[in-house]
1. Please report, in Å, the Rg and the Dmax of the chain, where both are computed over Cα atoms only.
2. Once you put a point 7 Å from the Cα of residue 134 and another 7 Å from the Cα of residue 226, both along the Cβ direction, what distance in nm separates them?
3. Given Cα pairs under 8 Å that are at least 6 residues apart, what percent is the relative contact order of the stretch 183-300?
4. Please give, to one decimal in nm, the separation of the simple spin-label points placed at residue 211 and residue 499, each 7 Å out from Cα toward the Cβ.
5. How long is the gain from residue 147 to residue 283 if the chain were fully straight, where each residue apart is worth 0.36 nm and the alpha carbon distance is subtracted?
6. Please work out how much length the chain gains when fully extended from residue 471 to residue 636, using 0.36 nm per residue of separation minus the C-alpha to C-alpha distance, in nm with one decimal.
7. Wrap a convex hull around the Cα atoms of the stretch 183-300, take a quarter of its surface area, and give that in square nanometres.
8. Find the centroid of the Cα atoms in the stretch 447-508 and in the stretch 344-375, then give the distance between the two in whole Å.
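Where a number appears in this text, it was derived from the coordinates with a stated rule and is not lab data. Only a predicted model underlies this, so the values are computations on that prediction, with no experimental measurement involved. Neighbour counts run over all protein chains shown; Cβ positions are idealised from the backbone, glycine included.
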């Protein structure tokens, strides 16, 4: 609902402490409907451009699914922006969401190689706004090439979306299902050659192992798939004898290809098997060096995933030996820190508390200088193998990871001048008791800020973080909580299950939530939440809101409700969840909010599912607007909304059809920290008016009723 409940206050802080305003409403990625044939295939893919206006308007901002960020060029034409889909695709639709600086003349082009281009759409009378273009073409690369502009500025796109398909159903697809997926390896020659470089789509980067046998490289596809082909692009250090193996759990492996006469170069292999994990397992090297792959590509029977898989795992911690998290709740020191109204208690310890909704920030404005640093004391000497940084927007463009035995003399084990922010997982090798991030160039005028700074390795004096509940396996089938609303007509919600939440709403809503007057059983198996035109609490409309706070909290599982929504301008029914720490004082949105269902009464053909967190909330929430499967009117009957939630993300469903997937790994890599790995409680309400649904009018029926057949929670 993107709202704060009564009696709570909130504050948002931007990078380095600059204030942000809460925007009512939602960021929605308006894609094809759930029933459409061709999905969005460009979001999060690598993007490049002819130029950028400044560092704040990169090409990647046009394909990040966030309509609050944009790509902008310099102030001349021609200019272009292009996206690499990772494999040849059939393109059916392109959506351009122009900023005010739009192109009056432009072409949409496709290419197999990024060099030779074919025009699939052209215009000389572009009008800006949102242009939804039906096209027909194929290629790995898709480009918008602007030749005339409408303003004295350059050209600028909030979003550049490409829809299509990769690979043929039933055959062996051409898409690389391993592209950008989490990868691990038995070893790395150095931090310069990590496992991730073999699945990044860049033939100029590579993974290299230690110079011994055996060695392996594994990629996690995110879900079990039919594996039909593998391409190995070897560096000079190739495998003479190796196997290609698959696994459903990353532990037990089945060989689908084996050779003892590998010759290196590029090997395109036809295989037959299935698994979530695919591995190259080398047993005899072709040289005195180790094994080295420029690229490791996997093809699947369905053409590979075109949207983020529903369950991509975290890339940390590394899964070998007794490697563990060493930095949790360890003493920390920083060059400066912030503790004021804009960033309260943003102390060094917050980066090591395993809480992605708290952060460290350098002090404002005294700490907004270079260098800026933060280090952790691991308690004893440790072997460091991985560092994970989850940056706030105030990130380091240039920084080093350093280790020290005494916090005085430092040795650099990782260095970059091209830090990109968000989540950075660094495979490193070093020894020391202290580990430091030493920033030398900031990405903005603010300072440095980290939501999380995690150190993994062996040794040290680690404190184990609290255990997480096990992930459910879907479909989850054990009912752990429910309300079937089977009471007699006129009876009230069960006080053992629900807390009534009277008072006014937020977001300029115009109703007053009464203490039970607007909620009753209908005697036919449903709860009726009724909005009326009547005066109460200083408002001219009444309605109802109730929640399971302090009576039932849940972390992970399938949470579902069968609901019939009302139709009418200004009506806003919702089925949603709030982080339970909101009840103990953590302000919104740091506690997290999960909007499973929202429908606007003015258009009951569409629904919304949205996540809100410190880095993406209000008008910039991470979510999806979707048309109901089959194009039905959601107000005409009951429909089942559900979220299937585990430690790797959430899948939102309407009547069994997936309408939105929120991958934890994707969110961390493109939007900010994932704050949903803790207990939440359930909320039902019917709002009237406000910024998002708009006003009521003479056509809005009163009373209006939201009917809830049941709410159920399943685990395993």
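1. 26.5, 84
2. According to this spin-label approximation, the distance is 3.1 nm.
3. Normalised by residue count, the contact order of the stretch 183-300 is 37 percent.
4. 6.4 nm
5. Additional length available on full extension: 43.5 nm.
6. Difference between extended and current length: 55.8 nm.
7. Over all viewing directions, the stretch 183-300 projects a mean Cα-hull area of 6.2 nm².
8. Between the Cα centres of the stretch 447-508 and the stretch 344-375 lies a distance of 27 Å.
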